[in-house]
Amino acid sequence: MLIDIITIFPEVCEPYLNSSILGIAQEKGKLEIRLHNLRDYTLDKHRKVDDRPFGGGPGMILTPEPVFRAVEHINQISKPKNKTKAKIILLTPQGKTLNQKLAEKLSKREHLILICGRYEGVDERVRESLVNEEISIGDYILSGGELAALVLTDSLTRLLPGVLGHKDSNVRESFSDNLLEYPQYTRPADFRGMGVPRVLLSGDHKKIEEWRRAQTIKITKKKRPDLLKNTINFKKI
Ligand code: SAM
């Protein structure tokens, strides 16, 4: 998978993208991430990316020219390699809220271009004429789209085949199947007088599976009953 990120703060994104699972995914060749500084696509010597909103109002707006130019450049350099057209995503609080289902869908794409807004946002013509999808990471306002782009990239990377060590790692995580994960314990079996459920030490894999399934349902009912309404297999539970 190829992900291009357009931002005025590439240096904010870089350390996270090169660490842990994302760094390993790139080393393994499962993922390529290219960071683009929006200022490199400006036409004036001051590398200005923003301007005041028409009609007045607070703050500044990212101008359309560098954003369009950045996307055009990315499409141009990607053409020889890519079979399918890139999906162009704007990170915005107005977008569809990211969830595991959406992450699963997007993880199947060959190429994504992520546009990070800043200030009061992006000129509407970017949204109207350039962007294919708008994604939000929740109902709150961040100072920029960088954290949202990192959240999205992280959630997709975990789903790429061959990225996580164990083949079941994704299947068992919270939200796969619309259920939350069962409780997990590790050594020591007795920590300051606090034990672990005996079944987990029994070595009986069938019983452990049954216990985990029951816990998954109990925890989801308690913490996120809304998820169960969307579970196709709920009747079978
Ligand atoms: N004035 C905008 C509004 O009211 O919708 C908010 C602009 S926000 C301060 C600056 C940028 O941060 C946005 O253009 C967007 O790229 C990003 N952003 C803020 N909150 C976000 C969220 N919840 N999800 C995704 N991106 C977000």
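The values are calculated or read from the model by the stated rules, or taken from the named source; none is laboratory data. Keep in mind it's a predicted model, so treat the numbers as computed, not measured. Reconstructed Cβ throughout: ideal geometry from the backbone, glycine too, with neighbour counts over all protein chains shown.
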| Could we say that Ser169 is in contact with a Leu (Cβ under 6 Å, 6 or more places away or on another chain), farther than 29 Å from Gly117 by Cα and not in a helix (DSSP H, G or I) here? | no
| field | Where Asp154 falls short, out of the listed (1) in contact with a Lys or Arg (Cβ under 7 Å, 6 or more places away or on another chain); (2) surrounded by fewer than 19 Cβ atoms within 10 Å (Cβ to Cβ); (3) not hydroxyl-bearing (Ser, Thr, Tyr) | value | (1)
| task | Could you list, in sequence order, all residues of the stretch 218-237 that are surrounded by 13 or more Cβ atoms within 10 Å (Cβ to Cβ) and at pLDDT below 95? | result | Leu227, Leu228, Thr231, Phe234, Ile237
| task | Please name all residue pairs, on different chains or six or more residues apart, with Cβ atoms under 6 Å, provided the first residue is in the stretch 136-156 and is acidic (Asp, Glu) and the second residue is within 8 Å of the ligand (Cβ to nearest atom). | result | Glu146/Cys116
| query | From the list Ser202, Ser174, Ser155, which one is more than 29 Å from Ile113 (Cβ to Cβ) and not hydrophobic (A, V, I, L, M, F, W, C)? | reply | Ser202
| message | Can you tell me which of (1) surrounded by fewer than 17 Cβ atoms within 10 Å (Cβ to Cβ); (2) more than 14 Å from the ligand (Cβ to nearest atom) is the one Asn170 doesn't meet? | response | (1)
| said: If I ask for residues that are away from the ligand (no atom under 16 Å from the Cβ), charged (D, E, K, R) and outside any helix (DSSP H, G or I), which ones from the stretch 34-51 would you list? | reply: Arg34, Asp44, Lys45, Arg47, Lys48
